[in-house]
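I have placed the structure first, in the form of structure tokens, so that the comments after it can refer back to it.
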Amino acid sequence: MKITFYGHACLGIQISDIHILVDPFISGNEKASNIDIESIKADYILLTHAHQDHILDVEAIAKRTDAVIVSNYEIVVHYQNLGFKGHPMNHGGSWNFDFGKVKYVNAIHTSSFPDGKYGGQPGGFVIQAEKNIYIAGDTALTYDMKLIGEQFNLDLAILPIGDNFTMGIEDAIMASDFVECNKVLGYHFDTFGYIEINHEEAKQQFIDKNKDLMLLKIGDSIDL
Ligand code: NI
Ligand code: MN
């Protein structure tokens, strides 16, 4: 499994020859100007919620790639009505896709489209494939994360760390305890002034708890 960070909360996940894109917000992210959305492959686009900083490039990429959009019911119906392919889910539900099993899990946040239309309830994803990963989405720290620790053996937890709109570093450290995974990829930081973080301090706070916080440069990848 290869995971590429496209900035903000956008991830590319490659499992064998299948490409999954999560929460594409690239063309509106000045910090991601090195990424060309025309070059991004996507067989599936997973969306945690409907906020603009998670869906901005969905239509452009799905139009070119014919990707299947996977999200909550309301978001998927929104895109199906525009002619896109979709697979609706809702909280607590799992589905076996051709790349692995996906569970749509709880997140504490909000979810409206940029025009104010209802975007269902926000969520995160647990993907069980070659490796098991948790993509938290935009969320507060919540005790629901303990269920993920009890139900899955995670290889990686991808957690928001930018504070203000989501968890900050201290809560992300507690979240990593709840999901029982000490290997964390941080996301949802630095994009806007509200969520700028000190990288070295953040990493040290994780080290102090015997945990590993990875912060990727935009465009960089890790192999799990
Ligand atoms: Ni959001
Ligand atoms: Mn967000």
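Computed values, structure above
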read-out	value
Any hit, region 99-112, residues being farther than 23 Å from PRO160 by Cα and open to solvent by less than 50 Å² (accessible area, probe 1.4 Å)	yes
Criterion: within 17 Å of the chain's Cα centre (by Cα) and either more than 16 Å from ligand 1 (Cβ to nearest atom) or in contact (Cβ under 8 Å) with a residue 40 or more places away in the chain (or both) - qualifying residue of THR191, THR142	THR191
Among (1) open to solvent by 30 Å² or more (accessible area, probe 1.4 Å); (2) under 21 Å from TRP95 (Cβ atoms) - the single one ASP208 does not satisfy	(2)
Count of region 53-63 residues which are over 12 Å from the mean Cα position of the chain (by Cα), of a type in the set (Val, Ile, Thr) and within 15 Å of ligand 1 (Cβ to nearest atom)	1
Cβ pairs under 7 Å, 6+ apart, first in region 149-164 and among the acidic types (Asp, Glu), second crowded, with 24+ Cβ neighbours inside 10 Å and part of a strand (DSSP E or B)	ASP155/ILE133
Number of positions in region 142-176 that are part of a helix (DSSP H, G or I), touching a helix residue (DSSP H, G or I) at 6+ places or on another chain (Cβ under 8 Å), of a type outside the set (Val, Ile, Thr) and open to solvent by 10 Å² or more (accessible area, probe 1.4 Å)	2
Test for ILE75: is it surrounded by 15 or more Cβ atoms within 10 Å (Cβ to Cβ), free of Cβ contacts under 8 Å to residues at least 40 places away in the same chain and within 16 Å of ligand 2 (Cβ to nearest atom)	no
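Condition check ((1) away from ligand 2 (no atom under 16 Å from the Cβ); (2) within 26 Å of ILE26 (Cβ to Cβ); (3) at pLDDT below 95) across all residues:
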position	(1), (2), (3)
SER111	no, yes, no
GLY120	no, yes, no
ASP138	no, yes, no
LYS146	yes, no, no
LEU154	yes, no, no
CYS181	yes, no, no
ILE195	no, yes, no
ALA202	yes, yes, no
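Matching residues to (1) within 19 Å of ASN182 (Cβ to Cβ); (2) more than 16 Å from ligand 1 (Cβ to nearest atom):
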| residue | (1), (2) |
| --- | --- |
| ASN96 | no, yes |
| ALA107 | no, no |
| SER111 | no, no |
| GLN121 | no, no |
| PHE125 | no, no |
| ALA129 | no, yes |
| ILE135 | yes, no |
| GLU150 | yes, yes |
| LEU156 | yes, yes |
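The values are calculated or read from the model by the stated rules, or taken from the named source; none is laboratory data. Source: prediction; values computed, not measured. In this analysis, Cβ positions are derived from the backbone assuming ideal geometry, glycine residues included, and neighbour counts consider all displayed protein chains. Ligands, DNA and RNA are stripped out before the accessible areas are found, and what is left, the full protein with its side chains, is counted by its heavy atoms. Shrake-Rupley method; radii C 1.70, N 1.55, O 1.52, S 1.80 Å.
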